[in-house]
1. Hey, could you pull the Cα Rg and Dmax for segment 20-134, both in Å?
2. Determine, from the Cβ-Cβ distance of residue 76 and residue 97 and an R0 of 35 Å, the FRET efficiency 1/(1 + (r/R0)^6), rounded to the nearest 0.05.
3. Note the angle between two axes, namely the Cα long axis of helix 66-94 and the longest principal axis of the Cα atoms of the chain, as a number of degrees from 0 to 90, rounded to the nearest 10.
4. Using only helices, what value at 222 nm comes out for the chain when you add -39,500 (n - 2.57) per DSSP H run of length 4 or more and divide by the total residues, to the nearest 500 deg cm²/dmol?
5. For a quick check, take a GNM of the chain with Cα springs below 10 Å and name the residue from 50, 32, 21 with the largest mean-square fluctuation.
6. So which residue, out of 85, 65, 57, gets the largest mean-square fluctuation from a GNM of the chain using Cα contacts under 10 Å as springs?
């Protein structure tokens with residue numbers, strides 16, 4: 001007699017159905033990788049100073065490109081989300097009973113992130129628009 005394989009379920013529903021903890025886990029990993037990639041690029045562009053000021057100035061001039069400024073805004077967003085989500089993770093690590101409130105904590109993290117990004121997007125967005133209209 002053949003036995004059927006059981007469908008895997010979590011405490012909340014089928015696996016990967018969009019539970020806030022799953023989304024925050026995924027976004028935490030994605031933002032961490034993005035930050036590391038920028039850090040690598042930053043180390044490389046700073047190392048160019050060894051070839052002289054002209055080489056360094058040429059590499060750094062890429063930051064006057066509006067597209068690169070949009071990428072910088074994305075970097076700031078990644079750093080903010082990663083840090084706020086990291087605080088949430090630390091709170092859950094130190095106070096395990098908070099896991100019962102994961103949905104509320106995830107929504108609070110998202111709200112603080114959005115609230116923090118509003119003024120940052122306004123400030124950096126103005127600079128991006130200025131670069132676009134300047135060209």
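1. Reported Rg and Dmax, both Å: 17.8, 57.
2. Working: r = 33 Å, r/R0 = 0.94.
Taking R0 as 35 Å, the efficiency between residue 76 and residue 97 is 0.60.
3. With rounding to tens, the tilt is 40 degrees.
4. Details: 4 runs with 98 residues, N = 135.
About -25500 deg cm²/dmol.
5. With Cα springs under 10 Å in the chain, the top fluctuation among 50, 32, 21 is at 50.
6. Result: 57 has the largest fluctuation of those listed.
Computed from the coordinates by the stated procedures, all read-outs in this text should not be read as laboratory data. Being a predicted model, the structure only gives us computed values, none of them experimental. With ideal geometry, Cβ positions are generated from the backbone for all residues, glycine too; neighbour counts draw on all protein chains shown.
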